[in-house]
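Take a look at the structure set out below.
The values are calculated or read from the model by the stated rules, or taken from the named source; none is laboratory data. The model shown is predicted, which means the values in this text are computed figures rather than measured ones. No Cβ is skipped: glycine too gets one built from the backbone with ideal geometry, and neighbour counts run over all protein chains shown. Keep in mind that these areas ignore ligands, DNA and RNA; they rest on the heavy atoms of the full protein, side chains included. Shrake-Rupley method; radii C 1.70, N 1.55, O 1.52, S 1.80 Å.
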Amino acid sequence: HKEAIADVPPGRTSLALDQNDTPHISFTGYLGDPWLQYAHRDQSGWQVEMIENTTHVTSQCRSSLAVDQGGEAHILYHRGSGAEVDNRLAYASHGDAGWQIEAVDSSAAAGIGVSLAFDADGFPHLSYLGGGLKHAYLTAAGWNLDSLDRLGGVDSSMAFDATGRFQVAYIDHY
């Protein structure tokens, strides 16, 4: 079964299913200016929202989407292709007030090869390349950053195991 979600050609995609197996998708693309969009399906069909439509979105880098326990979407992506903006890791979360975008890390090329997962307490954890392979996680006190591999890697994918520990796979090109 195949369905068209948008009329514009998408770039890098990320898919997550919520607790009801409803698909949620983030995708980047380039049509004049780079953009980041979010789509989810409801009873009336696909709903597509523009998250950012500026030169700040890096359409060549993939996003990572996860859905929290409350069914809200969260998107991690590289932001900063514009000369006036540092290359940085951006975290977009959707709540009652709409989309909120915040910078998590602005180190060199932060946010390339991103992965997003939630721990058992519902806090987001991020793995990404940015001056090495890094792990960022949110607590009630704010964002925390750890270095996992100073040399880094090309890409990363993160998941939590049954004991609640995070596991990261990445390409170690060194």
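Using DSSP to call loops (not H, G, I, E or B), can you name the trypsin sites (Lys or Arg not before Pro) in segment 109-174 whose Cβ has at most 14 other Cβ atoms within 10 angstrom?
Hits after loop and neighbour filter: ARG150, ARG165.
Testing the spin-label approximation: label points 7 Å from Cα along Cα→Cβ at ASP146 and GLU102. State their distance in nm.
Simple spin-label model gives 2.0 nm for this pair.
Of GLU52, GLU3, which has the most accessible area with a 1.4 Å probe, and how do the rest follow in descending order?
Solvent-accessible surface, decreasing: GLU3, GLU52.
Got the relative contact order for the chain handy, in percent, Cα pairs under 8 Å and 6 or more residues apart?
Once divided by the residue count of the chain, the mean separation gives 13 percent.
Just to verify a number: what accessible area does TRP46 come out at with the full protein assembly present, 1.4 Å probe, Å² rounded to tens?
Around 50 Å² of this residue is reachable by solvent.
Where a ≥ b ≥ c are the square roots of the eigenvalues of the C-alpha gyration tensor, would you call segment 115-174 rounded, which needs a/c under 1.5, or, failing that, prolate if a/b is larger than b/c, or oblate?
Judged from the Cα gyration tensor, segment 115-174 comes out oblate (a/c at least 1.5, b/c at or above a/b).
With every protein chain in place, what's the accessible area of VAL168 (1.4 Å probe, Å², nearest 10)?
The accessible area of VAL168 comes to roughly 40 Å².
Classify the chain as rounded, prolate or oblate, taking a ≥ b ≥ c as the square roots of the eigenvalues of its Cα gyration tensor: rounded when a/c is under 1.5, otherwise prolate if a/b is larger than b/c and oblate if not.
Oblate.
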